[in-house]
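S.K.: Input: one structure, supplied below.
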Amino acid sequence: MAKKVTVVGAGFYGSTTALRLAEYNIFDEVVLTDILEGKPEGLALDMNQSRSIEGFETKITGATTTPEGAGYEKTANSDVVVITAGLPRKPGMSRMDLIGVNAGIVRGVAENIAKHSPNAVIIVVSNPLDEMTALAQIATNFPKNRVMGQAGMLDTARFTNFVAEKLGVEVGSVKTLTLGSHGDTMVPVPSRCTVGGVPLSDKLSQAEIDELVDRTRNGGAEVVALLKTGSAYYAPSAAAARMAKAVIEDSGEVMPVCAWVDGEYGISGVYLGVEAEIGKTGIRKVVESKLTDSEVASLKEAAEAVRAKQADVQTL
């Protein structure tokens, strides 16, 4: 059976994600959509011309779409859909500043995806992440396990990079974890962080760890401030693509993602950054790992912060 993935939004984030997915050479087709006429077709043409150089056969198809739903026929029967559509942050903006405008965009996209790919697994990356993931589930009316958000993969990768740079070690020797929201109530988990198998707390002082945690929490804003226009897309696209790969390969890989939590850690009824086992049905199960009391308390605090906002998006 042909394997198909759609990436909605052909900005830097979406186009980079589409190319990463194509270069895996595990899909038959990658569809890239955008509302800017000709842009996705032009990018797809350019990417297809790289196939013989990079040695992959996956075909990339560009499709101009409209908010009313024209053009979505090309996305039909996708196995996975990555939603990157929406405005990026500008310097000084928080993710929450985007909620009003991006809610309308994400709702429209989700409704069109549900119409043409009723069995797809959806990966949301539009900001504010936790709220847009909840909105996509409401708009599609898909089972909650088939809608997830990309946040923890990226935040964890940022934390890992900062630790490796601080200690001057290979990133492959560092293991870190971040849970909670993709925002102010992000919960880095130092108790699960190791360097070469040694606890991070044996390598760095608490003050140094706190500094890296704070930098991780503000990792996106740091990139935005330097770029002046636009936001991060290389690391975010790598994270989203790996999630889509885990779905299509039914890998069972455990990843930190934004998933529906229903009783784990004493938290219920909210989309939140947790570890989850990923497969062809989306979230196979949330993996409840051992955390310290203070980490669990922080996770519960994050849950309540996003719960209020997720309730708000139902009317947006």
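The values are calculated or read from the model by the stated rules, or taken from the named source; none is laboratory data. Fair warning: this is a prediction, and the values are worked out from it, not measured in the lab. All Cβ positions, even for glycine, are placed from backbone atoms using ideal geometry, and neighbour counts span all protein chains on display. Side chains included, ligands, DNA and RNA excluded: accessible areas come from the protein's heavy atoms. Shrake-Rupley method; radii C 1.70, N 1.55, O 1.52, S 1.80 Å.
S.K.: Taking the solvent-accessible surface of protein heavy atoms with a 1.4 Å probe, what is the per residue accessible area of segment 86-175 in Å²?
M.R.: About 37 Å² of surface per residue is accessible.
S.K.: Mind jotting down the distance between the C-alpha centroids of segment 84-115 and segment 65-83, whole Å?
M.R.: The two parts, judged by their Cα centres, are 16 Å apart.
S.K.: Taking the dipole about the Cα centre of the chain, with the C-beta of Lys and Arg at +1 and of Asp and Glu at -1, give me whichever of 281, 69, 305 is farthest to the positive side.
M.R.: 69
S.K.: Let me ask another. Compute, for segment 1-133, the length of the dipole vector about the Cα centre, with Cβ point charges of +1 (Lys, Arg) and -1 (Asp, Glu) only. Units Debye, rounded to 20.
M.R.: 180
S.K.: What net charge do the residues around residue 244 carry, taking every other residue with its C-beta under 15 Å from that of residue 244, with Lys and Arg at +1 and Asp and Glu at -1?
M.R.: 0
S.K.: Treat every Asp and Glu Cβ in the chain as -1 and every Lys and Arg Cβ as +1, leave all other atoms uncharged, and give the resulting dipole magnitude about the Cα centre to the nearest 20 debye. If you can, show how the numbers build up before the last one.
M.R.: On the way: 31 positive and 39 negative charges, 58 e Å.
The calculated dipole for the chain is roughly 280 debye.
S.K.: Sorting check: for 64-72, 8-16, which peptide has the highest mean count of neighbouring beta carbons within 10 Å, and how do the rest follow?
M.R.: 8-16, 64-72
S.K.: Test of understanding: what is the full-extension gain from residue 215 to residue 253, defined as 0.36 nm times their sequence separation minus their Cα-Cα distance?
M.R.: 11.0 nm
S.K.: Compute the distance in nm between two label points, each set 7 Å from the Cα along the Cα-to-Cβ direction, one at residue 175 and one at residue 290.
M.R.: 1.2
S.K.: Further question: What value, in deg cm²/dmol to 500, does the helix sum -39500 (n - 2.57) over DSSP H runs of n ≥ 4 give at 222 nm once divided by the residues of the chain?
M.R.: -13000 deg cm²/dmol
S.K.: Describe numerically, in nm with one decimal, the distance between label points set 7 Å from Cα along Cα→Cβ at residue 238 and at residue 304.
M.R.: Here the answer is 3.6 nm between the modelled labels.
S.K.: Would you mind classifying segment 46-98 by shape? Square roots of the alpha carbon gyration tensor eigenvalues, ordered a ≥ b ≥ c; an a/c under 1.5 is rounded, otherwise it is prolate if a/b is larger than b/c and oblate if not.
M.R.: Oblate is the answer for segment 46-98, as a/c is 1.5 or above yet b/c matches or exceeds a/b.
S.K.: Another question about this same structure. Among rounded, prolate and oblate, which fits segment 152-314 when a ≥ b ≥ c are the square roots of the eigenvalues of its C-alpha gyration tensor, a/c under 1.5 means rounded, and a/b larger than b/c means prolate?
M.R.: On the way: a/c = 1.29, a/b = 1.25, b/c = 1.03.
Rounded is the answer for segment 152-314, as its axis ratio a/c remains below 1.5.
S.K.: Where a ≥ b ≥ c are the square roots of the eigenvalues of the C-alpha gyration tensor, would you call the chain rounded, which needs a/c under 1.5, or, failing that, prolate if a/b is larger than b/c, or oblate?
M.R.: prolate
S.K.: Using the Kyte-Doolittle scale, find the helices of the chain whose mean hydropathy is at least 0.0 and whose Cα atoms extend 20 Å or more along the helix's long axis, counting only whole DSSP H runs.
M.R.: 99-116, 152-167, 234-248
S.K.: Still on this model: Cross-link candidates for residue 59: which lysines have Cα within less than 20 Å, leaving aside residues fewer than 8 places away along the same chain?
M.R.: 3, 4, 39, 74, 245
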